[in-house]
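Below: one structure, written as structure tokens.
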Amino acid sequence: MNGNEARWRELGLWPLWVGRNPAAERAETPTHAAQPAPSAPEVPDGVADMDWPELEQQVRHCTRCPLHETRRQAVLGVGDRAARWMFVGEGPGAEEDLRGEPFVGAAGRLLDQMLKALGLDRTSNVYIANVVKCRPPQNRTPTEQECAACMPYLQRQVALIRPSVIVALGKVAAGALLATDSTLGALRGKTHDFSGIPVVVTWHPAYLLRTPADKAKSWEDLCRARRLMASLCTPRDGSGDRAGT
Ligand code: URA
């Protein structure tokens with residue numbers, strides 16, 4: 001039993017939930033690096049079968065981890081629920097907690113610029129979510145337990161949206177999606193896999209605000225993601241007509 005498995009067992013989140021073989025349903029299979037099976041815990045309360053209204057209700061009233069005690073509101077996600085692009089961050093900050101929408105603070109404004117550079121905006125063909133749906137006090141990094149408790153919601157969002165490409169923003173998002181504690185540097189530049197969906201890892205916008213010199217590297221990552229997206233969009237499915245593809 002590995003460390004993650006032991007933690008999920010402790011949290012009652014084992015055995016793993018396995019999605020409906022989305023890879024087999026895709027017209028083209030991306031060539032991405034082999035990764036261990038996606039870390040998708042089975043959820044005893046039926047999250048894995050929920051539709052959007054049920055998921056919204058569940059997240060709004062969630063008490064699965066202590067973050068619910070200090071949140072103003074849970075923040076599920078924002079954007080197009082039929083999007084081909086999905087961006088995943090860490091967790092809501094103060095502004096997100098207040099407004100109920102992910103990435104609306106300073107980091108969010110940078111994310112909007114990153115989306116714009118890709119020909120995207122948060123209202124169309126993009127869905128934005130976080131690993132944890134409730135703000136960690138003082139904007140601290142969410143704990144592994146908090147991430148594990150919230151992962152079923154992200155898994156359900158991914159299963160409902162079925163994006164073509166996921167961009168993991170920062171170490172927490174990459175670590176949770178890929179069940180790894182590798183450094184961001186080690187994860188960048190490769191295509192990973194979450195439930196059969198290719199994942200590209202890049203720096204978190206909040207990090208880029210502090211370290212603008214790394215914006216160029218982040219742009220390289222986004223360009224990789226865009227090439228990957230283009231390779232997944234066949235002319236037949238019409239999605240090449242949509243922005244950012
Ligand atoms: N705002 C979010 O919604 N997520 C983050 O990871 C950071 C800021």
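The values are calculated or read from the model by the stated rules, or taken from the named source; none is laboratory data. What you see is a predicted model; the values in this text were computed from it and never measured. Every residue, glycine among them, receives a Cβ derived from its backbone with ideal geometry; neighbour counts consider all protein chains shown. For the accessible areas, the whole protein counts, side chains as well, though only heavy atoms, and no ligand, DNA or RNA atoms are used. Shrake-Rupley method; radii C 1.70, N 1.55, O 1.52, S 1.80 Å.
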Q. How many residues, within region 168-188, are in a strand (DSSP E or B) and more than 19 Å from Pro142 (Cα to Cα)?
A. 0
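Yes or no: region 222-236 includes at least one residue that is within 16 Å of the ligand (Cβ to nearest atom), surrounded by 15 or more Cβ atoms within 10 Å (Cβ to Cβ) and not charged (D, E, K, R). Working first, answer last.
So the first thing to find is which residues in region 222-236 are within 16 Å of the ligand (Cβ to nearest atom), and the list is none.
No, region 222-236 contains no residue that is within 16 Å of the ligand (Cβ to nearest atom), surrounded by 15 or more Cβ atoms within 10 Å (Cβ to Cβ) and not charged (D, E, K, R).
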Q | Residue count, region 110-124 (criterion: under 21 Å from Leu55 (Cα atoms) and buried (at least 22 other Cβ atoms within 10 Å of the Cβ)) | A | 1
Q) If we scan region 178-187, do we find a residue that is open to solvent by less than 10 Å² (accessible area, probe 1.4 Å), of a type outside the set (Ser, Thr, Tyr) and within 14 Å of the ligand (Cβ to nearest atom)? A) no
Q) Does region 73-108 hold any residues that are closer than 19 Å to Thr141 by Cβ and not small (Gly, Ala, Ser), and which are they? A) Val75, Phe87, Val88, Glu90, Pro92, Glu95, Glu96, Asp97, Pro102, Phe103
Q: Tell me which residues, restricted to region 92-128, are on the phi > 0 side of the Ramachandran plot and within 11 Å of the ligand (Cβ to nearest atom).
A: Gly100, Phe103
Q: State which residue is nearest to the ligand (Cβ to nearest atom) when the search covers only region 162-177 and only residues that are open to solvent by 10 Å² or more (accessible area, probe 1.4 Å) and among the aliphatic types (A, V, I, L, M).
A: Val172
**Q.** Answer residue from region 189-202, given it is closer than 15 Å to Arg227 by Cβ and assigned to a loop (DSSP other than H, G, I, E, B) and is least open to solvent (accessible area, probe 1.4 Å) among those
**A.** Gly189
Q.
Consider region 98-118. How many of its residues are assigned to a helix (DSSP H, G or I), closer than 27 Å to His68 by Cβ and under 18 Å from the mean Cα position of the chain (by Cα)?
A. 3
(Q) Can you confirm whether Ala94 is surrounded by fewer than 17 Cβ atoms within 10 Å (Cβ to Cβ) and of a type in the set (A, V, I, L, M)? (A) yes
Q) Would a scan of region 58-68 turn up a residue that is open to solvent by less than 30 Å² (accessible area, probe 1.4 Å), at pLDDT 95 or above, more than 10 Å from the ligand (Cβ to nearest atom) and in contact with a strand residue (DSSP E or B) (Cβ under 7 Å, 6 or more places away or on another chain)? A) no
